[in-house]
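The values are calculated or read from the model by the stated rules, or taken from the named source; none is laboratory data. What you see is a predicted model, and the numbers here were worked out from it, not measured in a lab. So basically every Cβ, Gly included, is an ideal-geometry build from the backbone, and we count neighbours across all protein chains shown.
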Amino acid sequence: MSEATLQLVAGDPARHALVVGRVVLVLGGEPVTVEMAVPPDLVGFEDILPILRGVTDFVVDRGVEEAQAAGRTVSCRAGCGACCRQLVPISQAEARALAALIAAMPKPRRDEIRRRFDAALQALQACGLTAEIDAARQDVSESTVDLGMRYFRQGVACPFLEDEACSIHPDRPLSCRQYLVTSPAANCASPTANTIEMVALPARPSRALLLADSEDAGVSWMPLVYALRYVEQVPSRVPARTAPDILRDVFSRFQSADHTDRGRSE
Amino acid sequence: MRKELGLIVMGAVAFDLGTVVVPAQAADAIFLKIDGLSGESNYHKFNPSDAKAANSCVAGKGTLVEYKGDKYCRTDKAGASTALPSSAGPATALPQTQRR
Ligand code: SF4
């Protein structure tokens, strides 16, 4: 695979002179130079999301290429929204980005999306899942798989799902970007570890963001449907770090050994 | 998302975050979006004919996972299965942020 350079921009160059930085990610033994233009001032994690989206898309492209080279085909298509009934874990920064996206929508659409968020929360409350989710958010050492399955069985669709397609595709959370399967699409209606074959990715940017952002903000992960409620409760945070500082933090989490073959023996 | 930096700013690189070597990932076995969150899953490959290892996995609250013809014992919490090496600890688990 040839050496790649990724050029990504966060921020509006018309508003401020962006500063340029660089990191080299070694993914699957292959170096990728990421050149980034970011705002010079103090920012929130949400302000560097465009960089992480770009890196995630690159990582996913790599994973797909490798799956294809191994003779596997991605089954995910617009019109198949089974995985959009799963619990989508997001960081507080992603919650803020989604809330801002909704706030910028024209009124009828904004109201409709807000109504869907309310309906989803009510459905989770009615079946008692919010208490379980809140407990899981406090104790991240517990398995989330059972919770994820119970959530899925409730059939609560993501508020952004329309005609079984993502209506915010360019702005969707990192965990949505990373979720691609090569198993038959029909299997996604009742997922199990044995019937879902994921596209293996050379890195997990969503988790790096969650780790760094959670620690910084003191706010655990949350399901996507909590986003608006969370931002109503905590409307703003005072930016306290520079973009390079945040990016250094996030990229350092890419080195986490949690998803290596730790524990596997041949 | 991907824009040409050259159209925007150029000049000296203001910050260089160096090189980050990303270890090999075991994302294959994840089957729910939230499954990728905790980083607490461990995968221990075992010989399918080793009934003792399989029983030990289940007894230790592990899940038997088959992937590409191989069998794995997955545990979602360090030490939950006796089939796992004791060194598998939650060293880089998500922070217990509420305690900060
Ligand atoms: S944000 Fe989009 S991709 Fe993610 S769950 Fe919602 S509809 Fe699906």
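If you go through the range A:46-92 one residue at a time, how many are hydroxyl-bearing (Ser, Thr, Tyr) and out of contact with any Ser or Thr (no Cβ under 9 Å at 6 or more places or on another chain)? Residues in the range A:46-92 being hydroxyl-bearing (Ser, Thr, Tyr) and out of contact with any Ser or Thr (no Cβ under 9 Å at 6 or more places or on another chain): 0 in total.
In this structure, does residue A:243 turn out to be buried (at least 21 other Cβ atoms within 10 Å of the Cβ), away from the ligand (no atom under 16 Å from the Cβ), small (Gly, Ala, Ser) and more than 7 Å from chain B (Cβ to nearest Cβ)? Yes, satisfied.
Out of the residues in the range A:184-200 that are closer than 13 Å to residue A:80 by Cα and surrounded by fewer than 19 Cβ atoms within 10 Å (Cβ to Cβ), which is nearest to the other protein chains (Cβ to nearest Cβ)? In this case the residue turns out to be A:187. Among all residues of the range A:157-164, there is none that is away from the ligand (no atom under 16 Å from the Cβ) and more than 10 Å from chain B (Cβ to nearest Cβ).
Test residue A:148 against the stated conditions and say whether it is within 23 Å of residue A:190 (Cα to Cα), within 16 Å of the ligand (Cβ to nearest atom), modelled with pLDDT under 95 and not acidic (Asp, Glu). Yes. Of the numbered criteria (1) in contact (Cβ under 8 Å) with a residue 40 or more places away in the chain; (2) more than 30 Å from residue A:186 (Cβ to Cβ), the one residue A:156 fails is (2).
Is it the case that residue A:121 is modelled with pLDDT of 95 or more and either touching a strand residue (DSSP E or B) at 6+ places or on another chain (Cβ under 6 Å) or closer than 12 Å to residue A:224 by Cα (or both)?
yes
Taking the range A:222-253 only, how many residues are without any contact (Cβ under 8 Å) to a residue 12 or more places away in the chain and touching a helix residue (DSSP H, G or I) at 6+ places or on another chain (Cβ under 6 Å)? Qualifying residue count for the region: 0.
Run down A:248, A:207 and say which single residue is of a type outside the set (A, V, I, L, M, F, W, C), surrounded by fewer than 24 Cβ atoms within 10 Å (Cβ to Cβ) and either away from the ligand (no atom under 16 Å from the Cβ) or modelled with pLDDT under 95 (or both).
Answer to the check: A:248.
How many residues, within the range A:31-52, are among the charged types (D, E, K, R) and facing chain B (nearest Cβ under 10 Å)? Explain how you work it out, then say what you get.
Residues of the range A:31-52 among the charged types (D, E, K, R): A:35, A:41, A:46-47.
If we keep only those that are facing chain B (nearest Cβ under 10 Å) as well, we get A:35.
Counting residues in the range A:31-52 that are among the charged types (D, E, K, R) and facing chain B (nearest Cβ under 10 Å) gives 1.
Taken together, the residues in the range A:130-177 that are farther than 21 Å from residue A:119 by Cβ and β-branched (Val, Ile, Thr) amount to 3. A Cβ distance below 9 Å, combined with a sequence gap of six or more or placement on separate chains, defines the contacts here; from the range B:46-69, residues that are closer than 25 Å to residue A:183 by Cα reach residues that are at pLDDT below 75 and assigned to a helix (DSSP H, G or I) in the pairs B:65/B:29; B:67/B:28; B:67/B:29; B:68/B:28. Scan the range A:165-198 for residues that are within 12 Å of the ligand (Cβ to nearest atom) and either polar (S, T, N, Q) or closer than 27 Å to residue A:213 by Cβ (or both) and the total you get is 15.
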